[in-house]
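The values are calculated or read from the model by the stated rules, or taken from the named source; none is laboratory data. Computed from a prediction, not measured in an experiment: that's the story for all the values here. Heads up, the Cβs are rebuilt from the backbone with ideal geometry, glycines too, and the neighbour counts pull from every protein chain shown. Surface accessibility is based on the protein's heavy atoms, side chains included, excluding ligands, DNA and RNA. Shrake-Rupley method; radii C 1.70, N 1.55, O 1.52, S 1.80 Å.
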Amino acid sequence: MPGAETGRELPALRRRLAAFAAARDWQPYHTPKNLAAALSVEAAELLEIFQWLTPEESARVMSDPERAHRVEDEVADVLAYLLQFCEVLDIDPAAALAAKIDRNERRFPVPEGPGRRARSRGSAGPSRDESKDRTLDRNSP
């Protein structure tokens with residue numbers, strides 16, 4: 001199962017990134033604020049690849065080798081900064097994600113009854129009221 005394998009690799013990747021930074025004396029710069037800013041910049045660089053693509057073009061982005069390489073590099077940068085951020089603050093990212101999914105499953109139960117499929121597919125996300133609530137809820141998805 002690929003997910004389980006990756007879950008075991010995260011701690012090793014965190015240690016490898018920490019050793020990489022330590023060997024270069026970068027720890028003074030790896031503050032939570034700096035790492036959060038770097039993570040935001042890298043996420044924006046990932047978004048830039050998709051900025052002017054249509055939904056259909058964005059779905060096919062990995063079929064273009066040059067774009068696919070850029071996407072993979074930016075995903076790696078985002079993950080690297082996220083793991084370094086977690087290392088500095090001693091956060092287990094897999095445990096944090098599991099807890100968040102648990103909260104969201106309670107907060108957003110699967111709709112029941114007739115029309116469930118139509119409601120599920122007809123909505124790309126939460127209702128307007130739920131979106132407004134989420135902007136105020138620091139623990140939202």
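Restriction of the chymotrypsin sites (Phe, Trp or Tyr not before Pro) in region 43-83 to DSSP coil positions whose beta-carbon has at most 10 other beta-carbons within 10 angstrom yields Trp52.
Calculated translational diffusion coefficient of region 1-103 (37 °C, 0.692 mPa s; Stokes-Einstein with Kirkwood radius over alpha-carbon pairs) equals 214 µm²/s. The peptide list 53-59, 82-88, 34-40, put in order of mean Cβ contacts within 10 Å with the highest first, becomes 82-88, 34-40, 53-59. Note on region 61-116: along the principal axes its Cα atoms extend 46, 37, 10 Å, ordered by decreasing extent. Taking all protein chains together and a 1.4 Å probe, the residues Lys100, Lys33 rank Lys33, Lys100 from largest to smallest accessible area. Surface composition of region 1-76: carbon plus sulfur atoms contribute 60% of the solvent-accessible area (1.4 Å probe, protein chains only, all chains present).
Subtracting the Cα-Cα distance of Val75 and Ala43 from their residue separation scaled by 0.36 nm leaves 10.7 nm. In terms of the mean number of neighbouring beta-carbon atoms within 10 Å, the peptides 107-113, 9-15 order highest first as 9-15, 107-113.
For His30, His69, give me the order by solvent-accessible area with a 1.4 Å probe, most accessible first, ignoring ligands, DNA and RNA. Let's see the in-between values first.
On the way: His30 35, His69 105 Å².
Ranked from most to least accessible, the order is His69, His30.
Kindly report the accessible area of region 42-123 per residue (heavy atoms of protein chains, probe 1.4 Å, no ligands, DNA or RNA), in Å².
74
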